[in-house]
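Quick notes on the structure that follows.
The values are calculated or read from the model by the stated rules, or taken from the named source; none is laboratory data. Every value quoted in this text rests on a predicted model; they were computed, and no experiment measured them. Don't worry about glycine lacking a Cβ; one is built from the backbone with ideal geometry, like all the others, and counts go over all protein chains shown. When the accessible area is computed, the model is the full protein with side chains, heavy atoms only, and any ligands, DNA or RNA have been set aside. Shrake-Rupley method; radii C 1.70, N 1.55, O 1.52, S 1.80 Å.
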Amino acid sequence: MLQQINQTAEYLRSRVTMPMPKDAIILGTGLGALVDHIENPQFIPYTEIPNFPVSTVEGHSGNLIFGTLASRPVIAMQGRFHYYEGYDMKQVTFPVRVFKALGIERLYVSNASGGMNKEFEVGDVMIITDHINLFPENPLRGKNYNELGPRFPAMTRAYSPRMIELADKIAQAEGIRLMHGVYVGVTGPTFETPAEYEAFRIMGGDAVGMSTVPEVIVANHASMEVFGISVITDLGGKDITQVPTHEEVQQAAVIAQPKMLKIVQGLLRQI
Ligand code: HPA
């Protein structure tokens, strides 16, 4: 694994012409248009990157993009690897390992999720303050490489308190309604049954989705600072007669995108 990480990092270093960024962004469902705001983008398709899995899901293009956002060098992942696609946890989190090897210090993760908190509306943006891992497997299971991080990493501050605080200030200044909440990570690809949405809500979850938790665990293992943001695309907890569809999820994510962009740009400027 170490060899693969280093080989991939070396390949990217040899291809990228700009100074290596300290910030990386994982773009979730429907949020890919953030890419249009990246200046001087250099696209590297996943298919050209050694050891990278290839993204298959509809709505994801599968590129690593190097460029500047809010005048800061960034790496953006256009399309992530979901566990439900059949990748194992090591593949799902491999890009985060490579980011660390490239010197990334902060990871921004975005996703679409179903809201369980009864205050939420479709199109709301939620800062992830904590998560509940309901994946059947932890990405750190197996041999621990001490070079990468500790055997038993704490997850007490999995989402950077100082970045959350800063995002709140930015949202306030921009007049953005910004929710806080706990993200429940599940495998999918099924959306939840009404009983599952209700169970997750009672458990302490505010939103549920099929990604993010594995990448956040690995980023924390590698002592990166993490900022997580979620677009509420359906309300499983509120209206059980409403059946979520992939199209609906993408539409809601597109509507919420400008809000998310402002927050991420603000963070990049001020962090
Ligand atoms: N459940 C799980 N994942 C999701 C949902 C949902 O309701 N909405 C968007 N991604």
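Here are the numbers for this structure:
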{"read-out": "Hey, E198 within 24 Å of F135 (Cα to Cα), surrounded by fewer than 21 Cβ atoms within 10 Å (Cβ to Cβ) and away from the ligand (no atom under 16 Å from the Cβ) or not", "value": "no"}
{"read-out": "Test: residue in segment 52-66 that is over 26 Å from A252 (Cβ atoms), of a type in the set (A, V, I, L, M, F, W, C) and surrounded by fewer than 22 Cβ atoms within 10 Å (Cβ to Cβ)", "value": "yes"}
{"read-out": "Test: residue in segment 64-77 that is in a loop (DSSP other than H, G, I, E, B), within 30 Å of G175 (Cβ to Cβ) and either touching a residue at least 60 places away in the same chain (Cβ under 8 Å) or polar (S, T, N, Q) (or both)", "value": "yes"}
{"read-out": "Qualifying residue in segment 173-189 (condition: within 14 Å of the ligand (Cβ to nearest atom), open to solvent by 70 Å² or more (accessible area, probe 1.4 Å) and either among the aromatic types (F, W, Y) or over 26 Å from K262 (Cβ atoms) (or both))", "value": "yes"}
{"read-out": "G236 being within 10 Å of the ligand (Cβ to nearest atom), crowded, with 19+ Cβ neighbours inside 10 Å and within 26 Å of E137 (Cα to Cα)", "value": "yes"}
{"read-out": "Output for segment 98-154, where each listed residue is aliphatic (A, V, I, L, M), surrounded by 15 or more Cβ atoms within 10 Å (Cβ to Cβ) and away from the ligand (no atom under 16 Å from the Cβ)", "value": "V98, A101, L102, I104, L107, I127, L140, L148"}
{"read-out": "Selected residue [assigned to a helix (DSSP H, G or I), among the hydroxyl-bearing types (S, T, Y) and modelled with pLDDT under 95] from T56, T47", "value": "T47"}
{"read-out": "Answer residue from segment 67-93, given it is among the aromatic types (F, W, Y) and open to solvent by 10 Å² or more (accessible area, probe 1.4 Å) and is farthest from F52 (Cα to Cα) among those", "value": "Y84"}
{"read-out": "Criterion: modelled with pLDDT of 90 or more, of a type in the set (S, T, N, Q) and either in contact with a strand residue (DSSP E or B) (Cβ under 9 Å, 6 or more places away or on another chain) or within 14 Å of the ligand (Cβ to nearest atom) (or both) - qualifying residue of S223, S230", "value": "S230"}
{"read-out": "Search result, residues across segment 243-261 that are open to solvent by 10 Å² or more (accessible area, probe 1.4 Å), within 13 Å of A33 (Cα to Cα) and in contact (Cβ under 8 Å) with a residue 40 or more places away in the chain", "value": "Q250, Q251, V254, I255, Q257, K259, L261"}
{"read-out": "Neighbours by Cβ (under 6 Å, 6+ apart or cross-chain): first from segment 186-213, under 14 Å from N117 (Cβ atoms); second assigned to a helix (DSSP H, G or I) and open to solvent by less than 70 Å² (accessible area, probe 1.4 Å)", "value": "V208/F200"}
{"read-out": "Inter-residue pairs, beta-carbon under 6 Å, first within 20 Å of R269 (Cβ to Cβ) and in segment 94-116, second surrounded by 22 or more Cβ atoms within 10 Å (Cβ to Cβ) and among the hydroxyl-bearing types (S, T, Y), 6+ apart", "value": "V109/T212"}
{"read-out": "Residues of segment 1-44 that turn out to be assigned to a helix (DSSP H, G or I), among the hydrophobic types (A, V, I, L, M, F, W, C) and modelled with pLDDT of 95 or more, as a count", "value": "3"}
